[in-house]
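What follows is a set of notes on a single structure, which appears directly below.
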Amino acid sequence: MLAYFFCALGVGSIWALQPIINAGLARSVGVVLASCISFGIGFAALVVAVLIGHGLQGQTIPVSAALQSGWQYYFGGIIGATVVLGMTFLVPLFGAGATIASAITGQLLMAAVIDQFGLFGATQVPLGPWRIFGFLCLIIGVNVVVRRY
């Protein structure tokens, strides 16, 4: 479990770099094109990862299984593009810390809804008093981070 925590911590740490880097690119080419370039490079990297991963394991790429997935699972790409575009737009206006703190708060609140109702096949985790208290602390904390003194 601790290894997973540090892995997630690392992912979160490099995620904080992405909107800053994209915003820098946006100064040269515009927000939408910068987001498109970021997504395009990410797509190319993932294609290479799939080809290498399946090739090393001697597996074929399960295209038919992907096509048979539920339609709702294809919104992940649209959500990802929206996140990249939104972060690229907001960081220069709102600041990196405020944007990322607000985004993470939104993620955690939505995760609580997903857990509460077991949406999209997630394990159902009830929203008890301590979790509610934690979310209230989170909301207060993000307001402290966002506030400009």
If I model a spin label at residue 8 and residue 119 as a point 7 Å from the Cα along the Cα→Cβ vector, what separation in nanometres do I get? 1.8 nm
Quick check: pseudo-label points 7 Å beyond the Cα along Cα→Cβ at residue 54 and residue 127, how many nm apart are they? 3.9 nm
Whole-number percent relative contact order across the range 54-138, with pairs defined as alpha carbons under 8 Å at least 6 apart: 12 percent
Among trypsin sites (Lys or Arg not before Pro) in the range 58-149, those in a DSSP loop whose Cβ has at most 11 other Cβ atoms within 10 Å are 147, 148
Per the C-alpha gyration tensor (a ≥ b ≥ c, the square roots of its eigenvalues), the chain is rounded if a/c is under 1.5, else prolate if a/b beats b/c, else oblate; here it's oblate
Residue-level accessible surface for residue 6, protein heavy atoms, 1.4 Å, Å²: 110 Å²
Using a 1.4 Å probe and counting only protein heavy atoms, arrange 15, 130 so the residue with the most accessible area comes first. 130, 15
Accessible surface of the range 16-96 [probe 1.4 Å, protein heavy atoms]: carbon and sulfur percent: 77 percent
Ranked from highest to lowest mean number of other Cβ atoms within 10 Å per residue, what is the order of the peptides 23-30, 38-45? 23-30, 38-45
Residue by residue, what Karplus-based ³J(HN,Hα) values in Hz, rounded to whole numbers, does the range 80-91 have, using 6.51, -1.76 and 1.60 with θ = phi - 60° and x for Gly and Pro? x, 5, 5, 5, 4, 4, x, 5, 4, 6, 7, 3
Suppose a student asked you for the relative contact order of the chain, using Cα pairs under 8 Å spaced at least 6 residues apart; what percent would you report? 23 percent
When the chain is fully extended, how far beyond the present Cα-Cα distance does residue 147 get from residue 28, taking 0.36 nm per residue of separation? 39.9 nm
Rounded to the nearest 10 Å², the accessible area of residue 133 at probe 1.4 Å: 110 Å²
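The values are calculated or read from the model by the stated rules, or taken from the named source; none is laboratory data. None of these values were measured; they are calculated from a predicted model. Because the Cβ atoms are built from the backbone with ideal geometry, glycine has one as well, and the counts that use them run over all protein chains shown. The accessibility values were calculated without ligands, DNA or RNA, using every heavy atom of the protein model including side chains. Shrake-Rupley method; radii C 1.70, N 1.55, O 1.52, S 1.80 Å.
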